[in-house]
Each structure stands twice: as C-alpha cells, then as structure tokens.
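Peer 1: Sharing a structure below in structure tokens format, with a few things to ask.
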Amino acid sequence: MAHQNPSERSVQELYRDDPERADALVWGRRGALQGAALAAMGAALGGSIPFARNMPSGLVPAALAQGANQPQFLQMEGKAPLILQGERPLNAETPEHLLDDPVTPADKFFIRNNGSVPDTVADARAWKIRIDGEVNTPLELTIAELEQRFEIVTRKLQMECGGNGRSGFSPQAAGNQWGNGAISNAEWTGVRLHDVLRAAGVKDGAKFTGQHGADSHLSAQGPAISRGMRIEKAMDEDTLICFRMNGAAIPQMHGAPARLVVPGWPGSLSQKWFTRLEVLNKPHTGRGMGGTSYRIPVRPIVPGSRNNGADFVDMESMPVRSVLSSHAHGTRLPAGTRSLDIRGHAWAGDLSVRDVHVSTDFGQSWQAMQVAAPPNRHAWQRWQGRIALPSDGYYEIWYRATDSNGRMQPHVAANWNPQGYGANPISRVAILIG
Amino acid sequence: MRLLPYAAVVVLLCASATIAQTPDLAQRQAEAAAALAERQEEETVLAEGEGRSEVFGYCTACHNTALIRRSAFTRERWDELMDWMAEKHGMNPLEGEFRDTIVDYLARHYGPLTRGPRGGNPFLN
C-alpha cells in the first residue's frame, strides 16, 4: 500500500504488490513494451520475451500473475500436495499438472466441503438412502439392497465445482479462489438414479429434486448444503448413486460410503455422504438454493454491483474448459528446445469438446490440437499436439477449448456474478526455454 | 512352474490387504480433516488494525481466517456478505456500531487489490 517511487522497486516486486499498476507503468499508454521496460520485464521473468510485440497491454504475464501470498499445500495421508484453499471448511485444488491421468486417482481428486467432514461408518453396506416426496412408493434402501436390486454401471464422469475458475473474475467474487483445478474425472460405479426413481414411481407433478447428506454446517446448525435439480437431469442415464470410485470404496473425503454423481453440472449437486433424495413439485429450498448461490444472471450485470439474484437462474450444464497437464506453470526447459509435445484434458458440461487450440504468441495465431473422443458421455477428453518454439526465452502457452455447439472459452471471465460462477477464460501456462 | 500360482496368491493377498486398509485410511483422513479444522490460529494472522479482535472472534466461530485473507472486497460487498451470512448461514445478524467495526476493518484491510489501470468500472462511480 506504500506509495513508493516505482523505480525504487524491481519489476518483479511491482508486479507482486500491485500487478495492474505495474502493467500500466510497464506498458505505458501505447501498450507497447519497449526499451528499458522490455529489458526489465525480461529480467524479472528470467529470460527474453520472443513475442513481446504481441503481448497485449492489460494482461499480467502469467509468471507474475500470482498474488503476494504464495499458495499453501495440503498435507494429508492419501492425498497429493493439493493447493490449500482453506482449512475450515477444508477445500483444496488440484494443480493442473497433476490432472494428467485419464482417470483421476483418489489422491489427486480436489476437495470441496461446505461443512464438516463426518465420521466414518462401521458398516458401509448398511448405509441407508431414502427416496421420498412426489413418488408412489417411498423407498429406503441400503447400499447392499441397491446393489442387489438394480443394474450396476461403471462410467468415467467429470465432476467439477460450480465455482471452478472463479479467480478469473474481476472484481473478485466471493468464495474459494479456484483456478481451473476443481475438476475430476474418476471412474464411478453405482446404480442409475433413474432406475431407483422408476422403482419408487415418480408422480406426474414431479419437477425437481432435493438432495440431502450427512455433513453438518460449520456452525453445527443444520446441514452443510442441500441442493436440487430439474427432474430431467435426475433421469439422465449418467446420474448415478455411487458406492465405488476407481474400483475401490469411495474415499472419506469424497463422500463415503455413498455419493450422488451428477456429471457436468455444478459439483454441489453430487451430494456427498448421500442419505436422501426428495422428489418435489417445485424448486428445492435447501441451503445453497436461491439468491446468488449457484445461480447466474440472465441479463448481464455490472461487475462488482450489488444484486440479490432474484432474477438469476440456476447454473446447470457447466461451461467449456480445458487444462494443460503435461507441463507445470513455471516449467524451465533446456536452451535450444525448439518444439514441445503438450497435452491436457477438456470438457464441456453436458456437451462434448469439438476443438482445442493453442497459441504461443499471445493469441495472435492459434494452432489446432488433436482431440480424442470421450470414452463415454460426460467423460473429459484428451487433447495433445506439438508446438514450435522459435527461440529461447519466455513463452506463455495459451489453450482454449470449443464445445460441440461452437462456443469457445472467452478471453476474460464473462457474466460476472457476486458468488462467481461460470468463469472459464482462456488459461495460460508460462514456460522458460534456456 | 509352481511360481505362477504363488504369484497369483501374492497378488490376491496384496489386493485384499489394500482393501482391508481402506477403512483405516478413511478414518485417518477424517481425523486429519478434523485436525485441520481445529488447527488454532493466532489473531495476528490478520492485518493489524482497529477491529481485528472483533473480526477474529466473531468470524472464526464458523470458519477460519483463510476465507477472510483470500478476499478483496469493497466496503459495500463486505457489508452485503454480512447479510448473506445471516440469511443463508445462520450467523447472528450484525447491527449498529459492532457491524461498522467489523465491516470497516474488513474493507480497510481486505479491500480491492486495485481499481485497475482505467480507474475501475465507469458504471460504479
């Protein structure tokens, strides 16, 4: 906050303390990085900037775009060093370069809690799940009974926090400041919610669901969260009541012994420690419904403005997004490296991904990557390709996915909202050659 | 020739050992999560200033300071969040001078990082 003369600080310090002001000073009015400023920027980044001419003003170089506080990492048995977002509630994000496995292993699965993690149960197979509300025959079934009575299916399903990408919003939106790492693609085993609802007999007036779990609010007053969805999504063949993840018992952090999995929609619908689903004839009113929670504006609002969300709509299918998993942000490569094989994953809620493009010249030119078909609907897709690097120096790899309807990730986070849902701007990874 | 069946037995034993350990790991993870949640924080983790004790005492009844420290909001947004926590998360409503103390502290020490090179959004001024 001190008003020092900028020349007394290094470019790196300036960027660390006040990135936007540093950007304005370094770039100047004409938005061209020249002379001493270019040299200073190169020095701060540790190399020359081959595409400096194309670097747009107003975008902080990716290598410097971290806040003054360095991230802290989770230390927990059975979990990789995830980026710690907070301890109470416990939330942790998977760094993008740890999302390289086609099927996300348990240790690299991001952690999202709204409340407290419940204690474990002694007999998982006796865990009961209740289906009631607008049904002809309310059901209460143990996991053992579910397994016995309904077809067991195994699917690779993406599950993503509704707030993934939130840190892209400006001004800052409330909530965990996720990068792109609140995403997973595990292999889930369970029964179709659709089959269970059929057995209960859904009444004609059924329109929505309300989900319930065993985790309690941090204040110890009531449930941590209770969300619901349109009945159509509940009847989707990929919406499952799961009791196994990657062929093993579901880890405690991820909702043991039973979890609802609602792929492609905000992860909060995938109720952990799942105990009950109500069928309703009107929208659910549980904690996490209504207002600005998991809701987005229909008519765009001024970023930073006050809004109670009364005319927002529930966020449903998540927007298209991609991660680059082959190289960590900040990777340094040997001098003389002139090409690089890169890869990652891309997904698009209920849709699929048509294209992934990559730029190494700050968006001036884009190169198509190869994109594999998903192994099943609602699974993420592998993308890969080779990029050329014309000289040593500092590069940013920009990567952008396009969904099956032709919608691309935008250059900046769009449709700002107070709690920060739906930010899916193009991502950037900084690398240094030499 | 006898090695193959032995190998199969070893694989099976390993597999069952892995499964048998799962409940223990689950228990240890639940305990680790509880320990993280209960990790004591010092008030000094927050920026020094008038109202720090009040903020630390009131807010950490529910959540730890990570939620505060990662935030960068205007006074109006902080004020709005007080209502949101009361309405949605069962916080005792904050009113009067005490509310001002809390919101003023948060806005002063955890305010927007910058107004941007063009002075912020023209529609908010």
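Peer 1: Of everything in segment B:28-58, what is part of a helix (DSSP H, G or I), in contact (Cβ under 8 Å) with a residue 24 or more places away in the chain and more than 7 Å from chain A (Cβ to nearest Cβ)? Give them in sequence order.
Peer 2: From segment B:28-58, those part of a helix (DSSP H, G or I) are B:28-38, B:43-45, B:52-58; that's our starting set.
Filter once more, so that each one left must be in contact (Cβ under 8 Å) with a residue 24 or more places away in the chain: B:37, B:45, B:52, B:54-55, B:58.
Matches in segment B:28-58: B:Val45, B:Arg52, B:Glu54, B:Val55, B:Tyr58.
Peer 1: Of the residues that sit in segment A:147-173 and are at pLDDT 95 or above and polar (S, T, N, Q), which one is nearest to A:Asn424 (Cα to Cα)?
Peer 2: Going through the qualifying residues, I end up with A:Asn164.
Peer 1: Within segment A:363-395, can you find the residues that are in contact with an Asp or Glu (Cβ under 7 Å, 6 or more places away or on another chain) and either over 19 Å from A:Asp101 (Cβ atoms) or not assigned by TED's automatic domain parsing to the domain that holds A:Arg407 (or both)?
Peer 2: If the condition is that a residue be in contact with an Asp or Glu (Cβ under 7 Å, 6 or more places away or on another chain) and either over 19 Å from A:Asp101 (Cβ atoms) or not assigned by TED's automatic domain parsing to the domain that holds A:Arg407 (or both), then A:Ala368, A:Arg377, A:Arg386 are the ones that fit.
Peer 1: Can you tell me how many residues within segment A:339-354 are more than 17 Å from the chain's Cα centre (by Cα) and either crowded, with 19+ Cβ neighbours inside 10 Å or under 21 Å from A:Leu432 (Cα atoms) (or both)? Give the derivation first.
Peer 2: If we filter segment A:339-354 for residues that are more than 17 Å from the chain's Cα centre (by Cα), which is where we start, we get A:339-343, A:354.
Subsequent filtering for residues that are either crowded, with 19+ Cβ neighbours inside 10 Å or under 21 Å from A:Leu432 (Cα atoms) (or both) retains A:339-343.
The total comes to 5.
Peer 1: Let me ask you something else. Where in segment A:345-416 are the strands (runs of 3 or more DSSP E), entirely inside, with at least 1 residues that are touching a helix residue (DSSP H, G or I) at 6+ places or on another chain (Cβ under 7 Å) and not hydroxyl-bearing (Ser, Thr, Tyr)?
Peer 2: Details: elements: A:353-359, A:381-388, A:393-403.
Qualifying strands (runs of 3 or more DSSP E): A:393-403.
Peer 1: On to the next question. Among the residues that make up segment A:131-144, is at least one of them within 14 Å of another protein chain (Cβ to nearest Cβ), surrounded by fewer than 21 Cβ atoms within 10 Å (Cβ to Cβ) and closer than 25 Å to A:Leu193 by Cα?
Peer 2: Let us first name the residues in segment A:131-144 that are within 14 Å of another protein chain (Cβ to nearest Cβ), namely none.
The answer is no; no qualifying residue exists.
Peer 1: Determine whether segment A:213-223 contains at least one residue that is away from chain B (no Cβ under 14 Å) and either outside any strand (DSSP E or B) or within 17 Å of A:Trp265 (Cβ to Cβ) (or both). Lay out the reasoning, then the answer.
Peer 2: Restricting attention to segment A:213-223, the residues satisfying the condition of being away from chain B (no Cβ under 14 Å) are A:213.
Filter again for either outside any strand (DSSP E or B) or within 17 Å of A:Trp265 (Cβ to Cβ) (or both), leaving A:213.
Yes - at least one qualifying residue is present in segment A:213-223.
Peer 1: Inside segment A:226-255, can you point out the residues that are of a type in the set (A, V, I, L, M) and either in a strand (DSSP E or B) or modelled with pLDDT under 95 (or both)?
Peer 2: Here is the first cut: in segment A:226-255, the residues of a type in the set (A, V, I, L, M) are A:229, A:231, A:234-235, A:240-241, A:245, A:248-250, A:253.
Of everything in segment A:226-255, those that are of a type in the set (A, V, I, L, M) and either in a strand (DSSP E or B) or modelled with pLDDT under 95 (or both) turn out to be A:Leu240, A:Ile241, A:Met245, A:Ala248, A:Ala249, A:Met253.
Peer 1: Could you list, in sequence order, the residues of segment A:117-129 that are surrounded by 21 or more Cβ atoms within 10 Å (Cβ to Cβ) and within 12 Å of another protein chain (Cβ to nearest Cβ)? Explain how you work it out, then say what you get.
Peer 2: Filtering segment A:117-129 for residues surrounded by 21 or more Cβ atoms within 10 Å (Cβ to Cβ) gives A:117, A:129.
Of everything in segment A:117-129, just one residue is surrounded by 21 or more Cβ atoms within 10 Å (Cβ to Cβ) and within 12 Å of another protein chain (Cβ to nearest Cβ), namely A:Val117.
Peer 1: Is one or more of the residues making up segment A:176-184 closer than 30 Å to A:Glu140 by Cβ and either in contact (Cβ under 8 Å) with a residue 40 or more places away in the chain or of a type in the set (Asp, Glu) (or both)?
Peer 2: Going residue by residue through segment A:176-184, those that are closer than 30 Å to A:Glu140 by Cβ are A:184.
After this cut, where a residue has to be either in contact (Cβ under 8 Å) with a residue 40 or more places away in the chain or of a type in the set (Asp, Glu) (or both) as well, the list is A:184.
Checked segment A:176-184: at least one residue is closer than 30 Å to A:Glu140 by Cβ and either in contact (Cβ under 8 Å) with a residue 40 or more places away in the chain or of a type in the set (Asp, Glu) (or both).
Peer 1: Out of everything in segment B:88-101 that is touching a helix residue (DSSP H, G or I) at 6+ places or on another chain (Cβ under 6 Å) and closer than 18 Å to A:Leu218 by Cβ, what residue ends up being nearest to the other protein chains (Cβ to nearest Cβ)? Spell out how you get there, then give the answer.
Peer 2: So in segment B:88-101, the residues touching a helix residue (DSSP H, G or I) at 6+ places or on another chain (Cβ under 6 Å) come out as B:91, B:93-94, B:101.
Narrowing the set further to residues that are closer than 18 Å to A:Leu218 by Cβ leaves B:91, B:93-94.
Numbers: B:Met91: 8, B:Pro93: 14, B:Leu94: 15 Å.
Result: B:Met91.
Peer 1: Output yes when any residue across segment A:215-222 is buried (at least 21 other Cβ atoms within 10 Å of the Cβ), touching a strand residue (DSSP E or B) at 6+ places or on another chain (Cβ under 7 Å) and not acidic (Asp, Glu), and no when none is.
Peer 2: No, segment A:215-222 contains no residue that is buried (at least 21 other Cβ atoms within 10 Å of the Cβ), touching a strand residue (DSSP E or B) at 6+ places or on another chain (Cβ under 7 Å) and not acidic (Asp, Glu).
Peer 1: Out of (1) of a type in the set (A, V, I, L, M); (2) at the interface with another protein chain (Cβ under 7 Å from one of its Cβ atoms); (3) not in a helix (DSSP H, G or I), the odd one out for B:Leu25 is which?
Peer 2: B:Leu25 satisfies all of (1) of a type in the set (A, V, I, L, M); (2) at the interface with another protein chain (Cβ under 7 Å from one of its Cβ atoms); (3) not in a helix (DSSP H, G or I) except (3).
Peer 1: Let me ask something additional. Can you pull out the residues in segment B:73-87 that are within 8 Å of another protein chain (Cβ to nearest Cβ), surrounded by 16 or more Cβ atoms within 10 Å (Cβ to Cβ) and either charged (D, E, K, R) or within 19 Å of A:Asn176 (Cβ to Cβ) (or both)?
Peer 2: B:Phe73, B:Arg77, B:Glu80, B:Leu81, B:Trp84
Peer 1: Just give me the residues in segment A:75-112 being within 17 Å of B:Arg28 (Cβ to Cβ), facing chain B (nearest Cβ under 8 Å) and assigned to a loop (DSSP other than H, G, I, E, B), in sequence order.
Peer 2: Hits for segment A:75-112 are A:Glu77, A:Gly78.
The values are calculated or read from the model by the stated rules, or taken from the named source; none is laboratory data. Just so it is clear, the model here is predicted, and its values are computed rather than measured. FYI the Cβ positions are ideal-geometry reconstructions off the backbone, even for glycines, and counts take in every protein chain you see.
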